[in-house]
Every structure is written in structure tokens, then in C-alpha cells.
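Worksheet: the structure to be examined is printed underneath.
The values are calculated or read from the model by the stated rules, or taken from the named source; none is laboratory data. Since the structure is predicted, the reported quantities are computational estimates derived from the model, not experimental observations. Don't worry about glycine lacking a Cβ; one is built from the backbone with ideal geometry, like all the others, and counts go over all protein chains shown.
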Amino acid sequence: SAIHVLGFTLVTGSALLANLKRLGALLPQCAVAEVLRPANRAIVAGLAISVATGAPLFAAHATAVSANGTFRLKMVLLLTAAAFHFAVGRNDNALGSVVSTPVRVGAVVSLALWLALAVTACAFILLE
């Protein structure tokens with residue numbers, strides 16, 4: 001359970017870093033790709049840790065957990081946030097240090113999805 005939370009923390013912390021860079025609010029001296037490449041690798045690693053540790057946690061209480069609306073919302077937000085993050089960021093390697101308005105808007109939406117996921121994950125733990 002603690003390792004699952006660490007994986008989730010790696011995901012959300014890296015997503016925060018990546019999206020703050022996309023917003024232009026972090027590390028102005030670095031090109032976007034310099035920040036996003038390692039951040040995206042950390043997101044993938046965190047997702048792998050979360051899935052590997054979350055599957056046994058789910059399996060232990062599959063019936064009850066799958067009936068839980070908060071858990072289902074958490075899974076939808078996780079898939080949506082990850083898909084949106086990587087779909088929006090597919091051209092980030094071409095960005096320099098200056099970030100355009102559409103990239104900033106994508107970062108705001110991505111941040112909102114990751115934040116909603118974090119809040120939902122906490123609610124699931126607290127309401128369980």
C-alpha cells in the first residue's frame with residue numbers, strides 16, 4: 001500500500017513538474033523537452049509501480065472496490081489524465097523555451113485532470 005502511494009506520488013509530482021513547465025512557470029532557462037523527457041519517464045515509471053502494486057490491492061477486495069463509485073471515478077480520471085497528458089505532449093520535443101497559448105491551455109487542462117485524480121484518490125482512501 002505504501003509503495004502504491006509512492007508510485008502515485010511519482011506520477012502526480014512528475015505531472016505537476018511537466019505541466020508547470022508547459023505553462024512557462026518553471027525553469028525558464030530550460031527547453032521544454034529538457035524537463036519533459038525525464039518527467040514523462042518518471043510518470044511512466046510511477047504508473048508502472050502503481051499498476052503493479054494496485055492490482056493485488058484491487059484483487060484482494062475486487063467485488064467491493066469495483067462497486068465503489070469513487071474507485072471507478074479514480075480509474076476514469078487516471079486513464080483520462082494519462083491519455084491527455086501524453087496526447088497533448090506528443091509534440092513537446094519540438095518546443096523551445098517559449099511556450100504557445102495552446103500548449104499552456106493544454107497544461108491547465110492536464111493539471112486539472114491530475115488534480116482531480118489526486119483528490120479522488122484521497123477521497124477513496126478516506127471513504128474506504
**Request:** Go through segment 13-42 residue by residue and tally those that are in contact (Cβ under 8 Å) with a residue 60 or more places away in the chain and either farther than 17 Å from Gly89 by Cα or surrounded by fewer than 19 Cβ atoms within 10 Å (Cβ to Cβ) (or both).
**Result:** 9
**Complete:** Residue set Ala31, Ala52; condition over 15 Å from Phe86 (Cβ atoms) and at pLDDT 95 or above; output residue Ala52
**Request:** Looking only at segment 53-62, decide whether some residue is over 14 Å from the mean Cα position of the chain (by Cα) and farther than 17 Å from Ser1 by Cβ.
**Result:** no
**Complete:** Heads up, the helices (runs of 4 or more DSSP H) in segment 1-114 (entirely inside) with at least 2 residues that are among the charged types (D, E, K, R) and on the phi < 0 side of the Ramachandran plot are 2-23, 32-60, 69-88
**Request:** Can you confirm whether segment 118-125 contains a residue that is touching a residue at least 12 places away in the same chain (Cβ under 8 Å), aromatic (Phe, Trp, Tyr) and out of contact with any Leu (no Cβ under 6 Å at 6 or more places or on another chain)?
**Result:** yes
